[in-house]
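The values are calculated or read from the model by the stated rules, or taken from the named source; none is laboratory data. Being a predicted model, the structure only gives us computed values, none of them experimental. Quick reminder, even Gly has a Cβ in these numbers, built from the backbone with ideal geometry, and neighbours come from all protein chains shown.
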Amino acid sequence: MNSSPLHTNKLNGIFLIHKETGVTSHDVVFGLRKIVKDKQVGHIGTLDPLADGLLVCLVGESVKLSDYLMGADKRYQLTLKLGVDTDTWDITGKVLKTSGKTVDLELLRKTIFELSGDQIFPIPMYSAKKVNGQKLYDIARSDNSMDNFEGPPKEMKFWDVKILNINLPEITVEFWCSKGSFVRSWIHCLGKQLGTGATMTQLRRLDIGSYSLNNSVTLNNLRQKLPVDVQGKSYFLTPWQALQSYQTLTLDFAEANKLRSGLVSYALADRILKLKCSGSLFCFLETNLVAILNVDTSFAPAKISVNRVFVAP
């Protein structure tokens with residue numbers, strides 16, 4: 001049986017797209033829908049129009065993997081400008097105040113590296129984060145009396161912080177951060193620590209988990225390449241390829257047939273228990289994703305919870 005994604009009626013897999021500056025993440029999804037001629041397209045990890053870089057797009061049945069891939073760590077390269085505070089914490093916003101304060105380079109480097117590890121930073125008010133059911137940017141737009149535009153505090157994590165260039169008032173930095181961390185929050189807090197204020201001027205996403213911008217393709221280039229067989233191309237991953245860094249299990253035909261009916265044999269349950277898995281387990285027959293098991297390490301073999309969010313043909 002040929003498992004090439006273009007030997008079926010529809011594409012099923014993940015595209016690594018290089019989103020360019022000036023377009024929204026939704027613009028990319030809309031464009032990709034036209035290219036692959038399928039409305040079933042989604043993405044993980046929104047990028048603002050100001051930013052460019054890696055956008056992971058899911059096509060066909062793979063859109064059902066979105067919740068499972070959403071939690072990956074991300075690596076960014078960013079440029080910030082000292083001496084400027086804006087309401088959005090980036091250069092597209094309204095300037096709230098400026099500062100001509102000079103900064104000692106040794107103190108600057110020290111402060112940058114101190115903002116690594118676990119942190120509690122305020123969320124930008126101009127973000128889609130909800131508080132009491134209301135998006136923060138809706139609150140910010142409706143409240144003219146706000147002066148600092150700091151949202152509620154949130155745990156964030158940053159690591160592998162590198163200073164790439166200092167050309168004051170601009171600084172270029174690179175780091176990894178955890179799911180739910182805000183790059184603009186990191187920049188805002190750096191400006192507060194230095195007493196100068198700071199705002200983001202450029203942002204590029206380099207990696208999402210094991211997926212790299214180096215393997216991506218722009219929409220314009222993709223339009224020229226399709227329709228062709230994308231099998232083996234660096235910018236397209238089948239579910240089998242995309243999930244290799246996650247917990248996977250290879251099934252035999254009998255196990256696969258039972259799982260497609262929502263059943264788990266005692267033998268399969270015992271095999272999973274011996275693997276000492278937890279969380280989500282992706283079960284394959286050859287290279288076809290059959291089902292996703294929601295595995296609780298304390299379950300009894302007869303009570304395995306099967307989450308049938310994905311069934312391969």
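Quick notes on this structure:
- Among the residues of region 42-75, those identified as under 10 Å from the mean Cα position of the chain (by Cα), touching a residue at least 60 places away in the same chain (Cβ under 8 Å) and surrounded by 17 or more Cβ atoms within 10 Å (Cβ to Cβ) are I44, G45, L47, L54, L55, V56, L69, A72, K74, R75.
- The residue pairs whose first member lies in region 95-110 and is over 13 Å from E170 (Cα atoms), whose second member is surrounded by 11 or more Cβ atoms within 10 Å (Cβ to Cβ) and among the polar types (S, T, N, Q), and whose beta carbons are closer than 6 Å, counting only pairs six or more residues apart or on different chains, are V95/T86; S99/T196; K101/T196.
- In region 181-228, the residue that is modelled with the lowest pLDDT out of those that are more than 14 Å from the chain's Cα centre (by Cα) and β-branched (V, I, T) is V228.
- Top-ranked residue in region 229-247 [being at pLDDT 90 or above and of a type in the set (S, T, N, Q); ranked as surrounded by the most Cβ atoms within 10 Å (Cβ to Cβ)]: T238
- Count of residues meeting criterion [under 29 Å from N148 (Cβ atoms) and assigned to a loop (DSSP other than H, G, I, E, B)] in region 62-89: 5
- Qualifying residue in region 102-109 (condition: modelled with pLDDT of 95 or more and either buried (at least 20 other Cβ atoms within 10 Å of the Cβ) or not assigned by TED's automatic domain parsing to the domain that holds D138 (or both)): no
- Beta carbons closer than 6 Å, at least 6 apart along the sequence or on distinct chains, pair a first residue in region 25-41 that is polar (S, T, N, Q) with a second that is part of a helix (DSSP H, G or I) for Q40/G60; Q40/V63.
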